[in-house]
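The values are calculated or read from the model by the stated rules, or taken from the named source; none is laboratory data. For clarity, every value in this text was computed on a predicted model and none was experimentally measured. Here Cβ is always computed from backbone atoms with ideal geometry, including for glycine, and neighbour counts include all displayed protein chains. Just so you know, the surface numbers come from the protein's heavy atoms only, side chains and all, with ligands and any DNA or RNA stripped out. Shrake-Rupley method; radii C 1.70, N 1.55, O 1.52, S 1.80 Å.
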Amino acid sequence: GMSRREQILATAAELFAKRGFHGVSVADLGAACGVSGPALYKHFASKDAVLAAMLVSISEQLLEVGRERVAAAPDARAAVVALVDWHVDFALRHRPLIVVQDRDWESLPEQAREQVRALQRAYVDVWAAELRAVHPGLGLEQARSMAHATFGLLNSTPHSALLPDHAMGELLHRMALGALGLEPAGVAQVPQNVT
């Protein structure tokens, strides 16, 4: 199961997403986790440290699993599909983290911000390398821009509560592949037999 530390991070993500980083005190966080404020300091030095650990760990996870998926893929096209799959899955399971990363980025301590930036650059470059292998002649900056734009699409999940997750996942997957020039034939057709 989850360690106490992971539990605190998950709870903090929910609270920060709901109320904003500045709207949550250490006492609030402790109460939500069922521990006293002081007990929280055994795990994290400060509220800033909670935010830093949260955003650094998601960046690490995106990169690590992204690299694993690419390594396991038989070719570049399959690698891009696998990266889209992974990011869609992540975005649907971690809506609060996406909200926090988007909105509370500025509250990150400088060192953590640099760390997250470096991890995110590495993750973008994992995507860019595969996109360039799929699209000969695609420049590096263009490929990076395509990756960033695709993240914008996939990270829209906090705003997309209209569809159940599996349907939303399929839609995002199709849209991302289309945007990346990898649209499978006939996939964008709207089924006519929906009642």
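If you go through the range 84-101 and pick out every residue that is β-branched (Val, Ile, Thr) and touching a Ser or Thr at 6+ places or on another chain (Cβ under 7 Å), you end up with 1. Residues of the range 160-179 that are assigned to a helix (DSSP H, G or I) and farther than 11 Å from Ala91 by Cα: His166, Ala167, Glu170, Leu171, His173, Arg174, Met175, Ala176, Leu177, Gly178, Ala179.
Residues of the range 139-187 that are under 22 Å from Ala79 (Cβ atoms) and modelled with pLDDT under 90: Glu183, Pro184, Ala185, Val187. When the range 109-119 is filtered for residues that are buried (at least 18 other Cβ atoms within 10 Å of the Cβ) and either more than 12 Å from Leu51 (Cα to Cα) or modelled with pLDDT under 95 (or both), only Leu119 remains.
Within the range 130-145, if we keep just the residues that are part of a helix (DSSP H, G or I), touching a residue at least 12 places away in the same chain (Cβ under 8 Å) and not β-branched (Val, Ile, Thr), the residue that is nearest to Gly181 (Cα to Cα) turns out to be Leu131. In summary, Trp86 fulfils each of the numbered conditions (1) open to solvent by less than 30 Å² (accessible area, probe 1.4 Å); (2) over 15 Å from the mean Cα position of the chain (by Cα) with the single exception of condition (2).
For the range 146-159, which residues satisfy the criterion of being under 20 Å from Gly178 (Cβ atoms) and part of a helix (DSSP H, G or I)? Those that are under 20 Å from Gly178 (Cβ atoms) and part of a helix (DSSP H, G or I): Met146, Ala147, His148, Ala149, Thr150, Phe151, Gly152, Leu153, Leu154, Thr157, His159. Total residues in the range 157-177 satisfying the condition of being surrounded by 15 or more Cβ atoms within 10 Å (Cβ to Cβ) and under 29 Å from His135 (Cβ atoms): the figure is 9. You will find that of Glu106, Glu130, the residue that is charged (D, E, K, R) and open to solvent by 70 Å² or more (accessible area, probe 1.4 Å) is Glu106 and no other.
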